[in-house]
Amino acid sequence: MGRLGFSTTESARLLLLVVFGVLALSVVLAEQEGENLSGLSDNPDKAIFAVRENGTTCLMVEFAVRFLVPYDVLALNGIDLITEQAAFTLPRGAEIEGKCGSTESEIQITWKNKAYTLRIYFDTEFRDKGIEVWKISKIQFVYDTSETSHFTNAYNPGKHTANTHHLLALVTPFGRSYVCSAQQTFTLISSDHQKGVTISMYDTQIQPFDIASDFIFSEPYKCITDQRERLEETLPLILGFILALIIVITLTVYHFHLKLTANQPQLPRDRSMYKNM
């Protein structure tokens, strides 16, 4: 009878097949896809993007984004360099990819055949008293100055990467969405001679974790700027109401005072009249 067994090589191959099978199964079980929902917005400047895992929304962003990117052009003398500014917005027709996790998530937005790529990274942490929050931990923007629709006559054109450093932004209680109508501005440092790239977000609503309903943001958490602006809007109304109330109370007291004094007997002002009383 022959001996039944596996050689070392066969065992290694079998182990590799098992490992690859497990990895492939995990990819299938945690399939993630990006969806562009910008057509649902009436605002032509606002984009809506979602990342879904196993058919359920796990990350969602809704915002308008402006970019201000400095780049070099050759001066008329053909020797000196002049810094120009390319200003453009995030297009609604961009392509979406993303990753969802329990403590880290990210969204990647690309357009113009990957000439531009915006990546936003999110993570969670515990604050005082065990309160869990999420935040933006990093923003990265890759751009190609050889793309001529925004960069005209760029000197030494090519791809550059701009990153934030030590970012701690949009801190929001876990399980809630961040909402802010006001502009939020971020400065990124570019690989193009350390130039400063400015990214501005406004009309923003973002939630990278714990979305309870598909395609629906959880309870909003308003930014401090919006809260302050709302207070500034309502404060004159409150003060006007208080002033009107004070006036009404004053007139009412004066009215009752007049009635009380009218019912009291009038004393003569001329002292000579007291003799006849």
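The values are calculated or read from the model by the stated rules, or taken from the named source; none is laboratory data. These figures come from a predicted structure and were not determined experimentally. Cβ placement follows ideal geometry from the backbone for every residue including glycine, while neighbour counts extend to all protein chains displayed. Note: areas computed on protein heavy atoms with side chains; ligands, DNA, RNA excluded. Shrake-Rupley method; radii C 1.70, N 1.55, O 1.52, S 1.80 Å.
Scan the stretch 190-213 and tell me whether some residue there is open to solvent by 30 Å² or more (accessible area, probe 1.4 Å), small (Gly, Ala, Ser), at pLDDT below 95 and in a loop (DSSP other than H, G, I, E, B).
Looking through the stretch 190-213, at least one residue is open to solvent by 30 Å² or more (accessible area, probe 1.4 Å), small (Gly, Ala, Ser), at pLDDT below 95 and in a loop (DSSP other than H, G, I, E, B).
Run down 77, 54, 43 and say which single residue is open to solvent by less than 70 Å² (accessible area, probe 1.4 Å) and among the polar types (S, T, N, Q).
43
Of the residues 90, 118, only one is within 21 Å of residue 170 (Cα to Cα), under 17 Å from the mean Cα position of the chain (by Cα) and surrounded by 21 or more Cβ atoms within 10 Å (Cβ to Cβ); which?
That would be 90, the only listed residue that is within 21 Å of residue 170 (Cα to Cα), under 17 Å from the mean Cα position of the chain (by Cα) and surrounded by 21 or more Cβ atoms within 10 Å (Cβ to Cβ).
Select from the stretch 180-206 the residues that are hydrophobic (A, V, I, L, M, F, W, C) and in contact with an Asp or Glu (Cβ under 7 Å, 6 or more places away or on another chain) and write down the one among them that is nearest to residue 134 (Cα to Cα). It would help to see each step written out before you state the result.
Going residue by residue through the stretch 180-206, those that are hydrophobic (A, V, I, L, M, F, W, C) are 180, 182, 186, 188-189, 197, 199, 201, 206.
Then drop every residue that is not in contact with an Asp or Glu (Cβ under 7 Å, 6 or more places away or on another chain), which leaves 180, 182.
Values: 180: 15, 182: 20 Å.
Per the criteria, the residue is 180.
Among all residue pairs at least 6 apart or on different chains, which show Cβ distances below 6 Å where the first residue, located in the stretch 152-166, is over 19 Å from residue 119 (Cα atoms) and without any contact (Cβ under 8 Å) to a residue 24 or more places away in the chain and the second is surrounded by 16 or more Cβ atoms within 10 Å (Cβ to Cβ) and not small (Gly, Ala, Ser)?
Pairs that qualify, where the first residue is over 19 Å from residue 119 (Cα atoms) and without any contact (Cβ under 8 Å) to a residue 24 or more places away in the chain and the partner is surrounded by 16 or more Cβ atoms within 10 Å (Cβ to Cβ) and not small (Gly, Ala, Ser), are 157/145.
Check whether at least one residue in the stretch 81-88 is assigned to a strand (DSSP E or B), closer than 24 Å to residue 178 by Cβ and of a type in the set (Phe, Trp, Tyr), and report yes or no.
So far as the stretch 81-88 goes, no, none of its residues is assigned to a strand (DSSP E or B), closer than 24 Å to residue 178 by Cβ and of a type in the set (Phe, Trp, Tyr).
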